[in-house]
Every structure is written in structure tokens, then in C-alpha cells.
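The values are calculated or read from the model by the stated rules, or taken from the named source; none is laboratory data. Everything numeric here is computed off the predicted structure, so don't read it as measured data. No Cβ is skipped: glycine too gets one built from the backbone with ideal geometry, and neighbour counts run over all protein chains shown. Calculation scope for accessible area: heavy atoms of the full protein, side chains included, ligands and nucleic acids excluded. Shrake-Rupley method; radii C 1.70, N 1.55, O 1.52, S 1.80 Å.
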Amino acid sequence: MKPEKTRSKLFNRRAALLVGGQMALLGGLGARLYYLQVVESERYKMLAEENRINFRLLPPPRGFITDRKGDYLAINIQNYRLVLVPEQANNADGVEATLLKLSRLIDLSEHDVKRVLRETSRRRAFVPITVRENLSWEEVSRLGVNTPELPGVNIDVGQTRHYPYGPNMAHVIGYVAAVSEKELAASDDPLLELPGFRIGKNGIEKEYDLALRGSAGTSQVEVNALGRVIRELRRQEGQPGHEVRLTLDMRLQDFIGERLKQEKAASVVVMDVHTGAILALVSIPSYDPNAFSEGLRTEEWRELVNNPYHPLTNKAIAGQYSPGSVFKMAVALAALEHGIGRDHSVFCPGHMQLGDRRFHCWKRWGHGKMDMVSAIEESCDVWFYDVARRIGVDRIAEMAKRFGMGEPTGIDLSGERGGLIPTRAWKRATLGQPWHQGESLVIGIGQGYVLTTPLQLAVSTARMVNGGKAVRPHLALHDIDGATIQERRPDPFPDVGVPKSHLAIIREAMDKVVNGDKGTARASKLRDTDVTMGGKTGTAQVRRITQAERDAGMRDDDEIAWRLRDHALFAGYAPAHDPRYVVSVIVEHGGGGSSAAAPIARDVLEEVLRIEGQAVSDAGGQDGSGSGAAAAPVRTEGAG
């Protein structure tokens, strides 16, 4: 019996240990469950909610851009998009078969098909894929009728940017496009991560992108374990972007665009001489910004890039040209500052000899005896050769920079270039060569290394006729800092440091350019108006004229290849007695400033005066930032 009792006790002990272990295990499990279900219940409830509910950003409507009168220059329009849910298509005919059916109804490129198939392999089957955007109403209707035969195909309605004035405003407004990887890495704005979100890439769209962008809205949606949206629980729309109003007058912009249609490449800038408000800024040829907003095809981009007239370049702020005789006012002011008076007399026989080199005047037989005013009026090169030789390039450069040449003006547009005003130090540092006196003579007539933009010529002329105030150009009617917009403060502009008496001499000479008996722009006086204008013609050579050509006589422009013709320039202002508007005109390879640029400036000024007169009549003469332009004289004799 002893062995049996021993086995019984051993069994009971083991059973007790087993039961005790089980109870301890159950107690531990119970404690853990209590901890998870009671103590940590709030935490896991929140995690479960986050797993069930997703928050998604909603892109806000982009702010509009308008001109000074409120005309819309950039708006948002409905964008009908064709989307495909691969899961639903696969349950029927398959994605490839569905795309084949779609290609029979609407235009689908091979690139579109490959992109959709590529995205299908990368994304979850229930995530919609955009097949094509910007469907026409006819295409939407055609797809709608065939929807029963197209499983997984839906029409989605969104917004896309639209530019009502197309190419005529492209260089000012710019365009929007998809966010690049570089832009995404440089920003912490979550909006940029949204599929299809577009930001400003050029022009005002880029300059004031933050103000136009707005703030995101949110959508609270319920999803299942796979991430599929079950329903939307709550939606809060974002704040639309600010409206950005410009100083431009679309009526004037349109007029100039139409006036320049006959030119291959040209630019016009119109500005208020006192405020710096840009009233028109035109560069041709141009491009259609809607093509960028909707998505530019490869062949379209290649055509723009290879266009010999450079439609992608905003010539008004990035085209750099020798200013020709328009530069002579800065040279004359430098001469006045360094002791050469208005009565300084030089005889012009048609050339000037310096060593073994002859520097020609545009007027082959010469102008005879010239002083400062007559030299500007008739654009005598020899007088300015003499003055440039006396004062030197560094003094000329210092004066030119005071009037805004040789550096960016600071206009609120990206892509502005600064031009070039050379000095002795610049040539030594850049080319490793000393300055030669003959180069100073060439600089004296605005040729050689000197480069300016049409905007710089408008700014420099404005500073000369507004009393010597260093006005700076701007396009936005309000002050805009990031996403903040406020009324523009009328801060006074600094003085350029030139005596009023010197500026009066220059204005007198520029008045005679148009209204004098021998003025180079006398053929372009304003018509049917009591108002007069002042200005200066200019003609900039793009090649060296050989002595053989001079001996044979200058050929007409029609006999010279377009790219070998001179650039035509004009800068002017009006009214002459009380300047308010300034205009600069550059016609690439247009020939003489008097024959090509000045007539355009005259027509522009007449339109400005018409618009301004209408504004005074309609609004009792109170016009916020000025809506006019300055006119320009025409040179009848030659290269000016």
C-alpha cells in the first residue's frame, strides 16, 4: 500500500502545482486584460480611431489676379478629369482593354496609356488614377453616354488655372505647373505633397505664390483595413488665396500687343514717372500660358525652346541690348557734373580721328558746329565722342548707375537681368585687359560693352524727368509680403544727387528731339492733341560696318538679312511740360529708332492719353496709380 499512497501524494502535489500555475497564468492574463481594457483604454481607443479615420488635405482655390481696373487676368475654371479605378476595371475587361475602349472615344496618347499602366502597377487597385485632364464638354458627353460599357471609369470635376488673355499677358502673369522634387524638398508646406497640386513657376504667379496659394482645408473620412474610403465624416473647406491686383491697364496692354503684331521681336514698357507703377509691359513673341497649366506636350516645349525669336524670354526685363543714342543723356549729365557746360562746342565733320582709327558719326557728311542741346536734338555722335574722351568711362558709368542702369531695378518679377555698365576695373577683372581710350568713345554713344534692358531705359528716363527721384518700378498695386497683403505705403524715393538745373537742360534737349526743327523724332509728334512729348531715339548696331560698306553707301534694311539689321530704340515721356508717363520701345533688328521705334511710342502715348482722359471723365480725375504711358520721338535722319 505504501507505494500506492506515495504515488497518490505525488499526483496530488503535481496536480496542485499545475492548477496553481494555471491560476497564476489566468491571473496574469486577467491583469493584462484589465490593464489594456481599462487602464489603457483611452490610448487604444484613440489608436483605433486613427486607424479607422483618416484626415486628408483639401487644396484651396487659388487667388485671382486682376489688372488695376479689376479685369481678370488669371482665374480658376472647372477641369473635367477622366479617372480610372483599376480594381473595378480588372473585375470586368481589365485595364488595358478599358484603355483601348477609351482611346476610341477620346484622344489618348501613347504616353498617357503607358503612364496609366505604370501607375496601375505601383498603386493599390482601389486608388483612382487620372487618365486625362481638361476634357472638353463634348468629350465628357461622349464618355457619359458610354459609361455603362466602361466599368471603373468616372468623370471627376476639379479646378485648373486659366489665363483669359493668353499670350498677351504670359510674360507678366507667368503660369502654374506641377511641383518638382527639388521644390518639394525645399518646402515644409504639406499642400505641395498633394497629387496634382500646382504652384507658380514664372511671373506674378511665382512672385506672389504664397499669397495666391491660400491655406488647406481638411476632409475626415472613414476607411477600412485596406485603406479604402467608406464615407466622408466631416469636411472643412480651406481659405482661398488672396486676390492680387496689378498696376497694369489691360486696355493699354492689349493695344500694345496689337500694335506690335507686325514685328518679329520687340518690347514696350510704360510706367508712371512718379510712383513707378507699371502700366504696360509687353514682350513679343510670346507663348500661351494655358498650355503650361494644362500640361505641355514634348513637341510643344521643343518648338518653344528652338524658336529663334525666343518667345520664352521676357525681353522687357531680361533682354539686354546696347542702348545706342538713348544712353547719351547719361553721358551729358556726367559731362555737366564734371565741368563741361551746355555751351561746350564741337565741330562735327562726320567723323573723329583718334590715333590711326576713325570713329564715324551716323550722319556721313557731319552736323557742323554742335553744343550739348543740339547734339542731343540731332544725335551727333562726334560731340559725344569728344565728351567721352574728356571725362572717361568711369565717370560715365557712375552717372549711368545712379539712373538705374547696370543692375536689376528690383521689379517684382523673377528673371530680371541687370545689364552691364563697364568700367576700367570691370574690364581688368573680367577680361584681364587694360581699358583703351577708343573704348570710351564707343561707350559715349551707348555701344561697345554697354547693355541695358527696356525696363532700365524706362526707369532711367523717369528719373531724369521726375525731378531726379530714384523711382523703382512695381507691378503689385499693394504691398505683399509672403501671404500678407496691405495697402502700399507711399514711401518717398531718394534723390539721385543731380542738380535740377542739369536735369532741366536734358529735358530741354529731349523736348527738341521731338518738337525741334532738326529733332530726330520730329516726324512722330503727337497727332490731334495739344500735349507734346519729349524723348530720345536710338539705333544700336549689332555688327561692325566696314569701311568698304561706308564707301559704297549704306544699304536699305530690306537689302540686309534681318539678324544683321540694327536694333531700334526709343525712350520718352509726356506731357513734356509736366511729365507723368514714360515709355521705352525696343524693336529687335528694326533699323532706325526714328523709323521703327518712335512711331510705336507715339501711338502708345496717344492711347494712354485717350485712356487717361476717359478715366478723368468717368472718375472725376481721381485715378489711383496712373494709367498712362509716355510717348517717344522718331528719328528721321538715321541711326540716332
Next on the checklist: Cβ-Cβ under 8 Å, sequence separation 6+ or interchain: first residue in region 378-395 and under 16 Å from Cys348 (Cβ atoms) and touching a residue at least 60 places away in the same chain (Cβ under 8 Å), partner in a helix (DSSP H, G or I) and of a type in the set (Phe, Trp, Tyr). Which pairs?
Outcome noted: none
Checklist entry - Is there a residue being open to solvent by 40 Å² or more (accessible area, probe 1.4 Å), more than 20 Å from Gly295 (Cα to Cα) and either of a type outside the set (S, T, N, Q) or touching a Phe, Trp or Tyr at 6+ places or on another chain (Cβ under 6 Å) (or both) anywhere in region 110-123? => result yes
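Would you mind stating whether Ala388 is in contact with a Gly (Cβ under 8 Å, 6 or more places away or on another chain), modelled with pLDDT of 95 or more, in a helix (DSSP H, G or I) and small (Gly, Ala, Ser)? Quick ask: steps written out before the conclusion?
Working: in contact with a Gly (Cβ under 8 Å, 6 or more places away or on another chain): yes; modelled with pLDDT of 95 or more: yes; in a helix (DSSP H, G or I): yes; small (Gly, Ala, Ser): yes.
Against the criterion (in contact with a Gly (Cβ under 8 Å, 6 or more places away or on another chain), modelled with pLDDT of 95 or more, in a helix (DSSP H, G or I) and small (Gly, Ala, Ser)), Ala388 qualifies.
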Item to check | Filter result for the condition that a residue is hydroxyl-bearing (Ser, Thr, Tyr) and open to solvent by 50 Å² or more (accessible area, probe 1.4 Å), over Ser374, Ser379, Ser345 | outcome: Ser345
Checklist outcome for this item: (1) farther than 23 Å from Phe197 by Cβ; (2) modelled with pLDDT of 80 or more; (3) not in a loop (DSSP other than H, G, I, E, B) all hold for Lys45 apart from (2)
Checklist outcome for this item: Within region 455-504, residues open to solvent by 10 Å² or more (accessible area, probe 1.4 Å), in contact with a Ser or Thr (Cβ under 9 Å, 6 or more places away or on another chain) and outside any loop (DSSP other than H, G, I, E, B) come out as His474
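If a residue must be closer than 10 Å to Thr537 by Cβ and either open to solvent by 80 Å² or more (accessible area, probe 1.4 Å) or not in a helix (DSSP H, G or I) (or both), how many such residues does region 509-521 contain?
Within region 509-521, the subset closer than 10 Å to Thr537 by Cβ is 513-514, 519-521.
Checking which are either open to solvent by 80 Å² or more (accessible area, probe 1.4 Å) or not in a helix (DSSP H, G or I) (or both) leaves us with 519-521.
Here the count works out to 3.
Just wondering, is there one or more residues in region 285-300 that are basic (Lys, Arg) and farther than 23 Å from Gln159 by Cα?
At the first step, the residues of region 285-300 found to be basic (Lys, Arg) are 297.
Then keep just the ones that are farther than 23 Å from Gln159 by Cα; that gives none.
No, region 285-300 has no match at all.
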Checklist outcome for this item: A careful count of residues in region 398-431 that are touching a residue at least 40 places away in the same chain (Cβ under 8 Å), over 21 Å from Asn466 (Cα atoms) and not in a loop (DSSP other than H, G, I, E, B) gives 1
Checklist outcome for this item: Pairs returned, first residue in region 267-291 that is within 13 Å of Ile411 (Cα to Cα), second residue that is open to solvent by 10 Å² or more (accessible area, probe 1.4 Å) and assigned to a helix (DSSP H, G or I), beta-carbon separation under 8 angstrom, 6 or more apart or interchain, are Leu281/His171
Item to check | Candidate set: region 276-287, residues that are over 13 Å from the mean Cα position of the chain (by Cα) and open to solvent by 10 Å² or more (accessible area, probe 1.4 Å); chosen: the one nearest to Ala458 (Cα to Cα) | outcome: Ile284
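Looking only at residues in region 82-115 that are part of a helix (DSSP H, G or I) and in contact with a Lys or Arg (Cβ under 9 Å, 6 or more places away or on another chain), which one is modelled with the highest pLDDT?
Taking region 82-115 and keeping what is part of a helix (DSSP H, G or I), we get 86-90, 95-103, 110-115.
Adding the requirement that they be in contact with a Lys or Arg (Cβ under 9 Å, 6 or more places away or on another chain) leaves 86-87, 102, 111-112.
Working: Pro86: 81, Glu87: 75, Leu102: 84, His111: 78, Asp112: 79.
So, considering only residues that are part of a helix (DSSP H, G or I) and in contact with a Lys or Arg (Cβ under 9 Å, 6 or more places away or on another chain), the one modelled with the highest pLDDT is Leu102.
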Checklist entry - Name the pairs whose Cβ atoms lie under 9 Å apart, with the first residue in region 70-86 and closer than 21 Å to Asp107 by Cα, the second open to solvent by 30 Å² or more (accessible area, probe 1.4 Å) and basic (Lys, Arg), and 6 or more positions between them or separate chains? => result Arg81/Arg132; Leu82/Arg132; Pro86/Arg123; Pro86/Arg124
Item to check | Tally of residues being in a strand (DSSP E or B) and open to solvent by 20 Å² or more (accessible area, probe 1.4 Å) across region 59-74 | outcome: 1
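Pick from region 535-546 the residues that are out of contact with any Gly (no Cβ under 6 Å at 6 or more places or on another chain) and open to solvent by less than 50 Å² (accessible area, probe 1.4 Å): which of them is farthest from Gly446 (Cα to Cα)? Write out each step before concluding.
Taking region 535-546 and keeping what is out of contact with any Gly (no Cβ under 6 Å at 6 or more places or on another chain), we get 536, 541-546.
The next check asks that each one be open to solvent by less than 50 Å² (accessible area, probe 1.4 Å); those that pass are 536, 545.
Details: Lys536: 12, Ile545: 16 Å.
Step by step, filter region 535-546, then rank; the result is Ile545.
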Checklist entry - In region 352-366, which residues are outside any loop (DSSP other than H, G, I, E, B), touching an Asp or Glu at 6+ places or on another chain (Cβ under 9 Å), over 13 Å from Val387 (Cα atoms) and of a type outside the set (Phe, Trp, Tyr)? => result His360
